[in-house]
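Notes for the one structure printed next.
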Amino acid sequence: MARIGQWAINSVIFLGLLLVVTSCNNQPTESVSVDAQPKSKKAMFNSAPDFNADTAYLFVKQQVDFGPRVPGSKAHQQCGEFIEKKLRDYSMEIITQRPTLTTYDGKQHRLYNIIGVYKPELQKRILLFAHWDTRHIADRDTKDKDKPILGADDGASGVGVLLEIARQIHLAQPELGIDFFFTDLEDYGQPDDYSSQRQENSWCLGAQYWAANPHVPGYKANYGILLDMVGAKNAVFPREGTSLYYAPDIVDKVWRTAQALGYGALFVNDRSGNTTDDHLYVNRIANIPSIDIVHMNPMSGSYGFYHHTHNDNMDIIDPTTLKAVGQTVLQVLFNELPPAN
Ligand SMILES: [Zn+2]
């Protein structure tokens, strides 16, 4: 996961203060929370397959077991081959993108974008994406800051959920075009303290490349859903600012579905600041309305305590969170099918 804009952090902190001040001066008022509503079938037209959280968890662990998936490393190559093999197992058509790109530190890296295409012949398509590379440094840690992180949540979780969705799609064979895009070089961005000048575009290099050079010329999808940091214990997914700017209807569709499935404690209605993540470029360059499901504290505007530290390991991964996200996205996909009689 990349970063949250400083202005957004400030505004979230300000709003947080405002809320604290407000709550100190006012009597509590009654509020109707969508989260509190009982499970409803209203947002569901078709029953989706049961997302298997244990399988998703295993997929997360298998990636972490390779070690940090830093571009150029052996673990990175092995993990890329692992993702390709899984997609092949699920009969997806596979396209890779391997140009050489230059990162903020002047180093050259061979990009390894992986796209698994399901039912390429169908016009109606949904794009699902997650980054699979992990950060080359632990710049938010207090020790071993120059060493790479394991990225159990920041990298492996989104991929694990997508692979389990791909497995379920292969089993169920719905009539819907789906593209599974595993982006590389998302997390090799310039650290905040590296220079005073903000280098937003140093992040998300794989998604930027793809958005300008899609795997199919003139590629279009109805919308895109990005998963980033979707596996931590006690995760919270506020409605993310960049997603709300570009694709408010998709945010609404996904959050309503999650809440109808009973996951309102995770998919909250709070709004967070704008993040710079892969979906920004898919929106901005490829013009595909895309949203980001990303763990963030809506009050502090910060990611988890483990973000870009060595604490981002399997200890923080919770299958319950993987299940909530995976089942929600599967349901959103199956809601795109004509209602079953
Ligand atoms: Zn990250």
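The values are calculated or read from the model by the stated rules, or taken from the named source; none is laboratory data. On a predicted model such as this, the values are computed, not experimentally measured, just so you know. Cβ placement follows ideal geometry from the backbone for every residue including glycine, while neighbour counts extend to all protein chains displayed.
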What strands (runs of 3 or more DSSP E), lying completely within the range 37-121, carry at least 3 residues that are surrounded by 14 or more Cβ atoms within 10 Å (Cβ to Cβ) and not charged (D, E, K, R)? 93-97, 113-118
If you scan the range 198-234, which residues turn out to be of a type in the set (D, E, K, R) and away from the ligand (no atom under 16 Å from the Cβ)? ARG198, LYS220, LYS233
Which condition from (1) within 15 Å of the ligand (Cβ to nearest atom); (2) acidic (Asp, Glu); (3) part of a strand (DSSP E or B) is the one that ASP187 breaks? (3)
Count of the range 283-334 residues which are closer than 23 Å to THR55 by Cα and more than 16 Å from the ligand (Cβ to nearest atom): 19
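So that you can scan it fast, the table gives a plain yes or no per residue for (1) within 25 Å of LEU150 (Cα to Cα); (2) polar (S, T, N, Q):
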site	(1), (2)
THR276	yes, yes
VAL282	no, no
MET299	no, no
ASN311	yes, yes
ALA324	yes, no
VAL332	no, no
LEU337	no, no
Hey, could you check the range 123-134 for residues that are buried (at least 20 other Cβ atoms within 10 Å of the Cβ) and in a loop (DSSP other than H, G, I, E, B) and say which is farthest from the ligand (Cβ to nearest atom)? TRP132
Taking HIS215, is it surrounded by fewer than 22 Cβ atoms within 10 Å (Cβ to Cβ), at pLDDT 95 or above and part of a loop (DSSP other than H, G, I, E, B)? yes
Condition met for ILE137 (within 16 Å of the ligand (Cβ to nearest atom), under 24 Å from CYS79 (Cβ atoms) and among the hydrophobic types (A, V, I, L, M, F, W, C)): yes
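Rundown of residues vs (1) within 20 Å of LEU58 (Cβ to Cβ); (2) buried (at least 22 other Cβ atoms within 10 Å of the Cβ); (3) not polar (S, T, N, Q), yes/no style:
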| site | (1), (2), (3) |
| --- | --- |
| SER290 | no, yes, no |
| PRO298 | no, no, yes |
| TYR303 | no, yes, yes |
| THR309 | no, no, no |
| ASP315 | yes, no, yes |
| PRO319 | yes, no, yes |
| ALA324 | yes, yes, yes |
| ASN335 | no, no, no |
The residue that is farthest from the ligand (Cβ to nearest atom), considering only those in the range 143-169 that are assigned to a loop (DSSP other than H, G, I, E, B) and in contact (Cβ under 8 Å) with a residue 12 or more places away in the chain, is LYS143
Would you list the strands (runs of 3 or more DSSP E) that sit entirely within the range 228-341 and hold 3 or more residues that are of a type outside the set (A, V, I, L, M)? 237-239, 267-271
